[in-house]
1. Which residue, of Thr103, Thr112, is out of contact with any helix residue (DSSP H, G or I) (no Cβ under 8 Å at 6 or more places or on another chain) and closer than 14 Å to Ile50 by Cβ?
2. Only residues in region 228-243 that are closer than 19 Å to Leu26 by Cβ count as the first member; pair them with residues that are of a type in the set (Phe, Trp, Tyr) and within 12 Å of the ligand (Cβ to nearest atom), Cβ under 8 angstrom, at least 6 apart or cross-chain, and list the lot.
3. Please specify each residue of region 431-467 satisfying the condition of being within 19 Å of the chain's Cα centre (by Cα) and of a type in the set (Gly, Ala, Ser).
4. Tally time: how many residues in region 349-373 are in a loop (DSSP other than H, G, I, E, B), touching a residue at least 40 places away in the same chain (Cβ under 8 Å) and more than 19 Å from Gly492 (Cβ to Cβ)?
5. Is region 80-94 home to any residue that is of a type in the set (A, V, I, L, M), part of a helix (DSSP H, G or I) and more than 23 Å from Glu156 (Cβ to Cβ)?
6. If I go through region 228-243 residue by residue, how many of them are near the ligand (Cβ under 10 Å from one of its atoms) and either of a type outside the set (A, V, I, L, M, F, W, C) or in a helix (DSSP H, G or I) (or both)?
7. Name every residue in region 175-217 that is within 16 Å of the ligand (Cβ to nearest atom) and more than 30 Å from Tyr429 (Cα to Cα), in order of residue number.
8. Can you spot a residue in region 45-63 that is of a type in the set (Gly, Ala, Ser), under 30 Å from Lys422 (Cβ atoms) and buried (at least 22 other Cβ atoms within 10 Å of the Cβ)?
Amino acid sequence: MPTSYSYTLSKPEPHVLVIFGASGDLSRKKLMPALAMLAARGALPDKFSIVGVALDHLQDSEFVDISLQAVPDPSPAWKEAASHFRYVEGDYGNPETFQRLSTLLKEIDDTTGTGGNRIYYLATIPGLFATVAESLKAAGCISSPDAGNFTRVVVEKPFGSDLKSAVELNRRLHACFDETQIFRIDHYLGKETVQNLLALRFANAIFEPVWNRRYIASVQVTVAESIGIEHRGAYYDRTGALRDIVQNHVMQVVALTLMEPPTAVSAQDVRDEKVKLLKSVEIINPEHAARRVVRGQYGSGVAGFQSVLAYREEDGVPEDSDTETYVAMELVVDNWRWAGMPVYVRTGKRLPDRLTEVVLEFKGVPHLAFKSRQARLLEANRLVMRIQPDEGISLRFGAKAPGESFDLRSVSMDFSYEDTFKQEPPDAYERLIHDAMIGDHMLFLRSDEVEQAWKIVDPFLDAFGHGDVPISMYRAGSWGPHEADILLARKGHAWSNP
Ligand code: BG6
């Protein structure tokens with residue numbers, strides 16, 4: 001009998017949260033709603049304030065209004081918290097902005113009792129991350145890790161646009177902050193079902209023995225989106241699906257699915273294992289990369305019963321753009337557990353559904369005693385971990401249909417989060433912001449992890465840049481270009497489409 005499950009979140013120490021880019025989309029659409037939810041759950045510190053920093057000319061009261069309007073029905077706790085929010089207008093390149101910020105932070109410490117504890121949230125455009133960090137340092141706003149109070153910085157994605165720029169960004173951040181003070185966000189790690197990969201694998205004795213190349217024929221990771229690029233034409237056209245989703249979200253899911261068991265579920269041990277796994281992903285040269293990847297771009301079509309524009313017709317996208325909105329790749333993980341078993345990953349915009357899942361396709365039985373045609377055609381056993389939506393896990397296996405003969409059918413055993421725990425999983429940002437507030441690094445990316453993921457992706461980017469991987473067009477609302485099916489068919493596999 002399913003029971004309703006409730007959870008509580010601990011109260012973080014007093015601090016001031018400074019949001020750079022406070023009037024931007026990320027802050028309004030993700031951060032404020034998550035903070036409002038934390039307030040409603042009683043999970044914000046008793047002594048707390050938010051300072052918004054941005055270029056816009058705003059009064060404190062207007063920033064308070066923005067914070068309240070970010071949620072449809074603000075709770076009394078969020079209204080009370082928001083009434084203390086402050087705003088600093090200014091250019092991030094101007095030292096004067098940071099002097100005013102520094103003075104305001106000291107004033108808040110005196111009036112609110114936040115004890116010099118700071119979290120700086122960089123929700124600006126990526127080109128400003130290092131500038132803001134350097135300006136904070138120059139204004140004396142960063143205390144050392146062994147000071148009596150804490151300074152943390154939360155950095156949004158994208159973290160660099162290739163290996164070289166990521167190394168450079170790490171270098172500049174490390175000149176201002178200690179690695180223990182840096183929290184690099186990949187919001188996929190905040191999703192309950194991504195974390196559940198750890199629970200499924202390492203809290204259950206039945207899965208781990210078959211979790212290897214002897215029993216598994218292939219692993220597939222799909223991040224499918226039905227939305228297009230949503231008014232982000234200019235940004236997206238410089239970025240493309242490989243940088244936007246594969247280098248970060250997909251690599252994280254691959255690492256958690258394939259890594260070795262950690263000694264403990266701790267920031268150090270889990271991240272060590274993820275890095276070890278990413279290090280075993282073969283780095284191929286750009287000439288070979290072209291044979292392992294398919295790039296696609298959506299044409300016009302139908303999504304959600306509506307006609308939609310082709311990518312090249314979207315605002316901000318050049319009409320001859322060859323940026324990919326879809327990518328499918330085969331990765332090779334060269335280690336004892338996985339050698340020789342293909343790992344297929346794909347992501348795309350304007351696909352038929354929003355769907356993120358990991359599929360383990362198992363090998364067949366060594367000898368099939370059933371001679372019927374259905375038995376021979378029975379689909380492979382599959383373990384499907386649905387990260388979103390309909391969060392849950394299904395196991396597909398063959399069963400005998402009622403009757404005299406051995407008529408075999410594929411059936412599913414299903415676990416649904418919502419049915420079991422009687423609630424939808426909490427929002428990823430809520431979880432991650434709270435973790436940064438309590439100083440837990442486990443769901444944040446370490447510098448070596450980010451750089452290793454770029455090492456894997458860079459040769460593919462080079463191959464794209466050299467024009468070695470042609471763009472295949474696909475109709476909006478379809479499952480992507482036909483070439484992606486061929487990529488798997490070469491080794492006798494097929495995508496597991498719903
Ligand atoms: C972001 C990408 O990181 O993830 C977006 O920049 C994408 O392009 C989004 O739409 C998907 O996130 P989610 O949580 O909706 O799967």
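The values are calculated or read from the model by the stated rules, or taken from the named source; none is laboratory data. Here the structure is a predicted model, which is why all the values come from computation and not from measurement. Backbone-built Cβ (ideal geometry, glycine too); neighbour counts: all protein chains shown.
1. Checking each option against the conditions leaves just Thr112.
2. Matching pairs, first to second residue: Ile229/Tyr236.
3. Result: Ala436, Ser447, Ala453.
4. The total comes to 6.
5. No, there is no match, as no residue in region 80-94 is of a type in the set (A, V, I, L, M), part of a helix (DSSP H, G or I) and more than 23 Å from Glu156 (Cβ to Cβ).
6. The number of residues fulfilling the criteria is 8.
7. none
8. Scanning region 45-63, I find no residue that is of a type in the set (Gly, Ala, Ser), under 30 Å from Lys422 (Cβ atoms) and buried (at least 22 other Cβ atoms within 10 Å of the Cβ), so the answer is no.
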